[in-house]
Amino acid sequence: MIAYFVHHQRKNADTVYLPERGCFMAVDKAVMERFIAVKPDFANWTGQACAVVEPKEFGTVVATRDDREDVCIVHQDLWRERMLAHLGSPMDRSTSET
C-alpha cells in the first residue's frame with residue numbers, strides 16, 4: 001500500500017495521504033515517525049475520510065512510501081526541511097539526551 005507525504009506551501013501544512021484507505025492525516029511528530037518507521041503498516045492507519053483524488057490535490061508530493069519499501073524522496077531539500085520541522089535537529093536530540 002502506498003502513502004504520499006505532501007506539503008502545501010501556502011498553508012505550510014503537511015499531509016500523509018493513503019488513497020487505498022481513502023483517508024489522510026495531518027502530519028505531526030507522531031505521524032512523521034510512523035511514516036518513516038521500519039514497518040509503517042499503512043493498512044492499519046486511520047485518518048480523516050476523503051474521496052480518492054490525485055495526491056497533488058493536497059500540495060507538492062515530497063515523498064512516497066510503500067509499506068514494504070523505504071521512503072522514496074521526490075524533493076530532497078523540501079524533505080529535509082519538513083523532517084526538521086516535525087522531528088527537530090538530530091543534534092538537538094543528542095545533546096538533550098546526554
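Suppose we keep only residues that are farther than 17 Å from M32 by Cβ and touching a Phe, Trp or Tyr at 6+ places or on another chain (Cβ under 9 Å) within segment 3-20. Which one would you say is most open to solvent (accessible area, probe 1.4 Å)?
E20
Kindly indicate the residue of segment 45-95 that is outside any loop (DSSP other than H, G, I, E, B) and small (G, A, S) and also modelled with the highest pLDDT among those meeting that condition.
Among residues in segment 45-95 that are outside any loop (DSSP other than H, G, I, E, B) and small (G, A, S), the one modelled with the highest pLDDT is A63.
Can you name the residue in segment 45-84 that is within 13 Å of the chain's Cα centre (by Cα) and free of Cβ contacts under 8 Å to residues at least 12 places away in the same chain and is also surrounded by the fewest Cβ atoms within 10 Å (Cβ to Cβ) among such residues?
So, considering only residues that are within 13 Å of the chain's Cα centre (by Cα) and free of Cβ contacts under 8 Å to residues at least 12 places away in the same chain, the one surrounded by the fewest Cβ atoms within 10 Å (Cβ to Cβ) is D70.
Based on what the data block shows, is F42 modelled with pLDDT of 95 or more, under 19 Å from C72 (Cα atoms) and open to solvent by less than 20 Å² (accessible area, probe 1.4 Å)?
Considered against the rule, which asks whether it is modelled with pLDDT of 95 or more, under 19 Å from C72 (Cα atoms) and open to solvent by less than 20 Å² (accessible area, probe 1.4 Å), F42 comes out as no.
If you scan segment 9-62, which residues turn out to be on the phi > 0 side of the Ramachandran plot and not charged (D, E, K, R)? Give the steps one after another, and end with the answer.
Residues of segment 9-62 on the phi > 0 side of the Ramachandran plot: 12, 22, 41, 59.
Across segment 9-62, the qualifying residues are N12, G22, G59.
The values are calculated or read from the model by the stated rules, or taken from the named source; none is laboratory data. Not measured: the values here are computed from a predicted model. FYI the Cβ positions are ideal-geometry reconstructions off the backbone, even for glycines, and counts take in every protein chain you see. Protein only, heavy atoms only, side chains kept; ligands, DNA and RNA dropped before computing areas. Shrake-Rupley method; radii C 1.70, N 1.55, O 1.52, S 1.80 Å.
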